[in-house]
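Note sheet for the following structure.
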Amino acid sequence: MAAMNAMAIRLFLALGMTAALVSPGCAGTLSNSAFSDYTPLSSNLELVRRLTTPLKAAQLPAILASQHATLGAQAIDLSKESFALFVPSTEPATGYGLLVFIPPWNDARLPDGWDSVLDAAGMIFVSAAQSGNDQSVLARREPLAILAEQNVAHRYTIDPERIYIAGFSGGSRVAMRLALAYPGVFRGAILDAGSDPIGSADIPLPPVELFRRFQDKSHLVYVTGDEDLTRLGMAAVSMRSMHDWCMFGVEAQEAARAGHQAASATTLAHALAALRDATPPDGAEQAACRARIDKEIELQFATVETLIAAGDRKSARDVLDALDKRFGGLASPRSLTLSQAIAQMK
């Protein structure tokens, strides 16, 4: 069995335990709120299933055993957490929209000017405290965002077609991961000045049924200041990666005369309008793209099976590990079956 790197081990061992508390905010104001409801979607096992590769997830029991450690049900103790909550003054007839925001900073607050836009759109805003760039992605930032969405959805009437994830800078990169892994929760994402390519060990593809839904239903709006050249380059690479992986529901918006700063009220309004007006992808284009990927996966599997038949354990493992990093959940469960076959080779 291939060894996991030290960072992956620390991430897994950082996953923790569970608890409770309550109090929603008042309409039209920003309040500090406590939540109490847990969900299987934020459980450690579900986070691992959706946000790591299948082979890496399969190694978790052995890693925990070697460290004499156990995995708690939940990473977050909600009794110790607080959230910024903004509720619009008027509830839309179809229910509120919901914007879950992941910041690069640790205080829970609403970016300047966003309140008027959210109020006009009938959209609740929620953001966790202590969820900045210096916090663990897998053990804090991601489960906090999922728990924020679930708790708000339990307390208010929410339109499921208007549940979005957003972030700024490093928080945007985490928001992109959650949009990819939780397409049944988030209908779209606003990626403000931060993004990455997908289909790698760092940002693996989720299980096939989730990825298909992401391709079919999700929409991503990349928002970047026209003077933020580094993040414009990142957005271009990320969007190209999305297209390579048959995700065509993407678009870019540039904010005029803006550097590396959170979106203005006007920019936020444009991004929300783009999510609202998003159209489904072209079915024929998507089918052809998926067929190309399926063929590539099949060729890689054939290579692994040939190496196993030849008794070349090391090469078979190397090719399978590379396949796992590139295709992630799209290669499961066959990748797991082949991994077991390699482990049994002499």
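Here are some notes:
- Cα gyration tensor shape of the range 249-346, rounded if a/c is under 1.5, else prolate or oblate by comparing a/b with b/c: prolate
- Average accessible surface area per residue within the range 34-167, 1.4 Å rolling probe, Å²: 35
- Solvent exposure ordering (accessible area, 1.4 Å, most first) of H260, H219, H68: H68, H260, H219
- Heavy-atom accessible area for L323, with the other protein chains in place and a 1.4 Å probe, reaches approximately 0 Å².
- In whole angstrom, the range 27-90 maps to an equivalent ellipsoid with semi-axes of 35, 14, 8, each derived as √(5λ) from the alpha carbon gyration tensor and ordered largest first.
- Portion, in percent, of the accessible area of the range 203-346 that falls on carbon or sulfur, probe 1.4 Å: 53
- These residues, K56, K314, go from largest to smallest accessible area, 1.4 Å probe, as K314, K56.
- Rolled with a 1.4 Å probe across the full set of protein chains, the surface gives T279 an accessible area near 100 Å².
- By the helix-only formula, in which each DSSP H run with n ≥ 4 contributes -39500 (n - 2.57) and the sum is divided by residues, the chain has a 222 nm mean residue ellipticity of -13500 deg cm²/dmol.
- Against the set (i) -0.30, -0.50, -0.86, -1.00; (ii) -0.26, -0.45, -0.83, -0.99; (iii) -0.24, -0.40, -0.74, -0.88, the structure's computed log10 I(q)/I(0) by the Debye sum over Cα atoms at q = 0.07, 0.09, 0.12, 0.13 Å⁻¹ falls on (i).
- For the pair the range 281-323 and the range 30-100, the centres of their Cα atoms are 32 angstrom apart.
- For D228, the solvent-accessible surface with a 1.4 Å probe is about 10 Å², rounded to the nearest 10.
- Extending 7 Å from the Cα toward the beta-carbon at both Q340 and K295 defines two label points whose distance is 3.2 nm.
- When R231, R292, R140 are compared by accessible surface with a 1.4 Å probe, the order from highest to lowest is R292, R231, R140.
- Dipole of the chain [Lys/Arg +1, Asp/Glu -1 at C-beta], most positive-end residue of Q340, L71, P206: Q340
- The range 259-327, accessible area per residue, ligands and nucleic acids excluded (1.4 Å, Å²): 55
- Overall form of the range 143-290 per C-alpha gyration tensor (a/c, 1.5; a/b vs b/c): rounded
- Amide H contacts under 5 Å for I102, placed H, 5+ residues apart: A166, G167, F168
- The dipole here belongs to the chain: it is taken about the Cα centre, uses +1 on the Cβ of Lys and Arg and -1 on the Cβ of Asp and Glu, and is about 1060 debye.
- Bridge type composition, the chain - antiparallel percent by DSSP, nearest 5: 25
- Listed by chain and number, the lysines placed with their C-alpha closer than 26 angstrom to that of K217 are K295, K325; residues fewer than eight positions away on the same chain are left out.
The values are calculated or read from the model by the stated rules, or taken from the named source; none is laboratory data. Every value quoted in this text rests on a predicted model; they were computed, and no experiment measured them. Here the Cβ is made from the backbone with ideal geometry for all residues, glycine too, and neighbour counts use every protein chain on show. Accessible surface is based on the protein model in full, side chains and every heavy atom, while ligands, DNA and RNA are left aside. Shrake-Rupley method; radii C 1.70, N 1.55, O 1.52, S 1.80 Å.
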